[in-house]
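Following: one structure in structure tokens, then a few remarks.
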Amino acid sequence: TTLAQHKKRNDAHFTFCRPLRLSFRSFIMGRFLRRIRKRFEESQKEKFEEEKPAVARKDIRMISGCEDAQTSADVSNVNSFRLPDPHGRAGGACTSTLLKILYKDEHIPDDDYSFTEVLRLMRGILSDKGFTQIPQLTSLNPIDVSTKFDLVPDSATGTRRAVMIGINYVGHDPGELRGCHNDVMNMKKYIMDVHGFEEDNIVILMDDGENTEPSHDNILEAYKKIISESESGDAVFLHYSGHGTKLRDDDWGEEEDGFDEALVPLDFHDNGMIRDDDLYKILIEDLPEGVHLVSLVRARMRPLLVVICC
């Protein structure tokens, strides 16, 4: 072999190997950078948890019917979810799906489900029935989502109270809904049978001519009352089934997208909406320490993340 041929083979070998070396080096560097980024994110989370204000440490969680960019949906017949239909056949997809998992045929499942399993099952059932909504779980504090799903934790040994609102906007055109009353009544039976809520501690607001009307003032009063009556060790469950909407932020620059989220009470034409700012003050700032609060929100027109809670 001549010196020139040997050099040519070496050059070819070097040309062939260099991309492999660079690719391997990029892989190693990429993995290293990902580790650094993960550690940085974890340290930032730890720093945030250490420095966040007391109001952001309260025990508040929220289950919503869909992602922020989606809108909640109705099911035409709650019997298809193995639920009763005392107020007509319709119901909310989120509430009906949750109860199908936790209370099908008014029975508690034999096996316990984790938070992750419940959300995964909800998404699967909704997808199988043709819904695109993706239910969400939000918490003010980090939670272990592999633990048992429960609306009331074992630590909440005090009084259990609930405010449950279902607005069908009867007679409104457009805007009338069909399933909100069923949502409330089916969920009410569930929390009483499974979680020990007593009738006297459950406030129902519905536009059915029988219960307290879900007007602007009545909703705010019910929320204020349940928070003022609660004390450490108690559990609060809030269920809202009705319309949600967006309004221009009335506090300049407070919201990144320039909008407040809002509940739509029955008398919104006359008395306006209930902004997330008002709900934050009542439900979060004024919530006593040691009270566990869970909110189940199924809002049509826009998923209503009224407070950053369960």
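Quick look at the numbers
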{"item": "Residue in the stretch 56-69 that is exposed (fewer than 14 other Cβ atoms within 10 Å of the Cβ), modelled with pLDDT under 70 and within 24 Å of the chain's Cα centre (by Cα) present", "result": "yes"}
{"item": "Count of residues meeting criterion [of a type outside the set (Asp, Glu) and open to solvent by less than 10 Å² (accessible area, probe 1.4 Å)] in the stretch 173-189", "result": "5"}
{"item": "Conditions (1) surrounded by 22 or more Cβ atoms within 10 Å (Cβ to Cβ); (2) on the phi > 0 side of the Ramachandran plot: number failed by Tyr169", "result": "(1)"}
{"item": "Among residues of the stretch 154-189, those that are of a type outside the set (Asp, Glu) and part of a loop (DSSP other than H, G, I, E, B), counted", "result": "16"}
{"item": "Matching entry among Val236, Val194 (being surrounded by 14 or more Cβ atoms within 10 Å (Cβ to Cβ), aliphatic (A, V, I, L, M) and in a helix (DSSP H, G or I))", "result": "Val194"}
{"item": "Residue pairs meeting the criteria (Cβ under 7 Å; at least 6 apart or on separate chains; first in a loop (DSSP other than H, G, I, E, B), in the stretch 99-116; second open to solvent by 80 Å² or more (accessible area, probe 1.4 Å))", "result": "Asp112/Lys148"}
{"item": "Among (1) at pLDDT 90 or above; (2) over 19 Å from the mean Cα position of the chain (by Cα) - the single one Val236 does not satisfy", "result": "(2)"}
{"item": "Yes/no for Gly244 being of a type outside the set (D, E, K, R) and modelled with pLDDT under 90", "result": "yes"}
{"item": "Unmet criterion (only one of (1) in a helix (DSSP H, G or I); (2) touching a residue at least 24 places away in the same chain (Cβ under 8 Å); (3) of a type outside the set (S, T, N, Q); (4) open to solvent by 60 Å² or more (accessible area, probe 1.4 Å)) for Asp200", "result": "(2)"}
{"item": "Filter pass, Val297 being at pLDDT 95 or above and either open to solvent by 50 Å² or more (accessible area, probe 1.4 Å) or within 26 Å of Tyr169 (Cα to Cα) (or both)", "result": "no"}
{"item": "Answer from Leu119, Leu151, Leu137 - the residue that is of a type outside the set (Phe, Trp, Tyr), within 30 Å of Ser232 (Cβ to Cβ) and part of a helix (DSSP H, G or I)", "result": "Leu119"}
{"item": "Members of the stretch 269-294 that are open to solvent by 20 Å² or more (accessible area, probe 1.4 Å) and either touching a Pro at 6+ places or on another chain (Cβ under 9 Å) or farther than 21 Å from Lys225 by Cβ (or both)", "result": "His269, Asp270, Asn271, Gly272, Met273"}
{"item": "Counted residues, the stretch 122-143 - those being open to solvent by 70 Å² or more (accessible area, probe 1.4 Å) and under 26 Å from Met192 (Cα atoms)", "result": "1"}
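The values are calculated or read from the model by the stated rules, or taken from the named source; none is laboratory data. This is a predicted model, so every value here is computed, not measured. Backbone-built Cβ (ideal geometry, glycine too); neighbour counts: all protein chains shown. Surface areas here come from the heavy atoms of the whole protein model, side chains and all, with no ligands, DNA or RNA. Shrake-Rupley method; radii C 1.70, N 1.55, O 1.52, S 1.80 Å.
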